[in-house]
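Everything below concerns the one structure shown next.
The values are calculated or read from the model by the stated rules, or taken from the named source; none is laboratory data. Computed from a predicted structure; not experimentally measured. Cβ sites come from the backbone with ideal geometry, for glycine too, and all protein chains shown count toward neighbours.
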Amino acid sequence: MNLYRKIPQVDLLKQDELFASCAPSILSDAIRIELDALRRAITEKKIDSIDEQALKERIRKRYEAMLHPSLESVVNATGVILHTNLGRAPIDEELFEEAREIATGYCNLEYDLEKGKRGDRHEHLSRTLCGLLDCEEALVVNNNAAAVFLILNTFAKGKEAVVSRGELVEIGGSFRIPEVMNASGARLKEIGTTNKTHLHDYEAAIGEETAMLMKVHKSNYAIEGFSAEVEMAEISRLARSRGLIDYYDLGSAYLPELPWGLGSSEPSILRLMKEPPSLMSFSGDKLFGAVQAGIIVGKKALVDQLKRNQILRMFRVDKLTLALLERTALAYRRGEIERIAIMRMLFRTPEELEERAGRLAAMLAIPSEIRRSETYVGGGTLPNRRLPSVVLALEGDAQALERHFRSHRIVGRIESERFVLDLRTIAEEEFEGIAACSRAWEAQRCAN
């Protein structure tokens, strides 16, 4: 029997009442995908008959999946606060509501209400950031990689930028400092060794082609033991004495002093601003706790030059990003750090987390144990720096539980051969969804 001849015709499939409400173009794609899969199954001798009704149901399921948004909300039960794979910093709902009016209507994005003529979109956030960080000027682009590229392209194209070998980082997504520098037109001049770089290495590297002395935040790793690096303030003083630009790619930046000794390895941006570099950039969605953006601060004359670079137009951010960043910065300026979602998570004590764990455990249909644990900030910040946390360790097959909860968009982790839910990153309004998932697990277990 030739099974290929038994494959239903596309036109006949489209006429089936099961697809009466379907959009024709999307239905055609769903049918094509499922028929291609059917032909492969026949070729590979995986089937010896065709169930036409089952085929139609697969087509309908495929059609519905094609109309379902791919980007979905999840419960972060991993304990990693800035989980890059889960979208890094969440936004406080109240701050988002304040920005919603800007996103859903018209605004003065590039309109000067006082003068009644075209304005500058970069001015809105500049005022707030300058007041918050006590800097001369600020500029926002769409991420910190864009900030690095823009700065290098503007000030070091065709010239040398001096960087320590211990800071030639590669972070997630194969973002490599040497390759970004090359793409920007700057020439990398490596100095020092992997584990030790001294001020005299910077001094010796300066030549006629040198445009910039650059320091790079060490994301996702730390150099310990027999090591040495030069503080940014020393690099800045040297650069200025030689008429060069000093630039700190800070990567991540935080304002209030962090709990659990987390700030001992990295200074806060407010401390850095006491003797600020000529230029500095950092991510908006890391420890700053806002949306994805690259925030550049520094000398007004230099930032004005960045604004004149035609590449900036490719890197500029939209009105929603500006609105959310501005409201986050204003919350910091008012001293309302409790309105920054990641700060609330960072400052929760183990005792608070244990109390929350007890309430969640009482709601679960799966037996669990409350345990003290540790987690990380994540997102390429504070590498190897742990903070205390509390988890619920669920009874049962850890791998199967992880798959079940993940199928309900709840992402936890496996620790000591138990599937655990880390309370540091779970919001109270997510408790009921987690409880419902546990009930589904028990119902499934009983049915089997």
Exercise. Is it fair to say residue 109 is among the aliphatic types (A, V, I, L, M) and either at positive phi or assigned to a loop (DSSP other than H, G, I, E, B) (or both)?
Worked result: yes
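Condition check: in contact with a helix residue (DSSP H, G or I) (Cβ under 6 Å, 6 or more places away or on another chain), part of a helix (DSSP H, G or I) and in the same structural domain as residue 254 (by TED's automatic domain parsing). Does residue 357 satisfy that?
Details: in contact with a helix residue (DSSP H, G or I) (Cβ under 6 Å, 6 or more places away or on another chain): yes; part of a helix (DSSP H, G or I): yes; in the same structural domain as residue 254 (by TED's automatic domain parsing): no.
Judged against the criteria, residue 357 is not a match.
Can you go through 95, 139, 152, 86 and tell me which one is among the aliphatic types (A, V, I, L, M) and more than 22 Å from the chain's Cα centre (by Cα)? Please lay out each step first, then the result.
Details: 95 fails: more than 22 Å from the chain's Cα centre (by Cα); 139 fails: more than 22 Å from the chain's Cα centre (by Cα); 86 fails: more than 22 Å from the chain's Cα centre (by Cα).
Just a single option satisfies the conditions, and that option is 152.
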Exercise. Which of the residues that make up segment 191-213 are surrounded by 14 or more Cβ atoms within 10 Å (Cβ to Cβ), touching a residue at least 40 places away in the same chain (Cβ under 8 Å) and outside any helix (DSSP H, G or I)?
Worked result: 206, 210, 211, 212, 213
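With respect to residue 69, determine if the residue is modelled with pLDDT under 95 and touching a Lys or Arg at 6+ places or on another chain (Cβ under 8 Å). Talk me through it step by step, then tell me what you get.
On the way: modelled with pLDDT under 95: yes; touching a Lys or Arg at 6+ places or on another chain (Cβ under 8 Å): no.
Considered against the rule, which asks whether it is modelled with pLDDT under 95 and touching a Lys or Arg at 6+ places or on another chain (Cβ under 8 Å), residue 69 comes out as no.
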For this session: For segment 329-362, enumerate the residues that are touching a Ser or Thr at 6+ places or on another chain (Cβ under 9 Å) and surrounded by fewer than 16 Cβ atoms within 10 Å (Cβ to Cβ).
Result: 333
Exercise. How do the strands (runs of 3 or more DSSP E) wholly within segment 221-306 filter down when requiring 3 or more residues that are more than 20 Å from residue 88 (Cβ to Cβ) and in the same structural domain as residue 319 (by TED's automatic domain parsing): which remain?
Worked result: 245-251
Problem set entry | Subset of segment 254-276 [without any contact (Cβ under 8 Å) to a residue 60 or more places away in the chain and touching an Asp or Glu at 6+ places or on another chain (Cβ under 7 Å)] | 263, 268
Exercise. So which residues in segment 383-400 are more than 17 Å from residue 360 (Cα to Cα), touching a residue at least 12 places away in the same chain (Cβ under 8 Å) and not in a loop (DSSP other than H, G, I, E, B), if there are any at all?
Worked result: 383, 384, 385, 386, 387, 388, 398, 399
For this session: Could you tell me whether any residue of segment 229-244 is surrounded by fewer than 14 Cβ atoms within 10 Å (Cβ to Cβ), of a type in the set (Val, Ile, Thr) and at pLDDT below 95?
Result: no
For this session: List every residue pair whose Cβ atoms sit under 6 Å apart, with the two residues 6 or more apart in sequence or on different chains, where the first one lies in segment 338-364 and is over 16 Å from residue 90 (Cα atoms) and the second, anywhere, is modelled with pLDDT of 95 or more and polar (S, T, N, Q).
Result: 361/368; 364/438
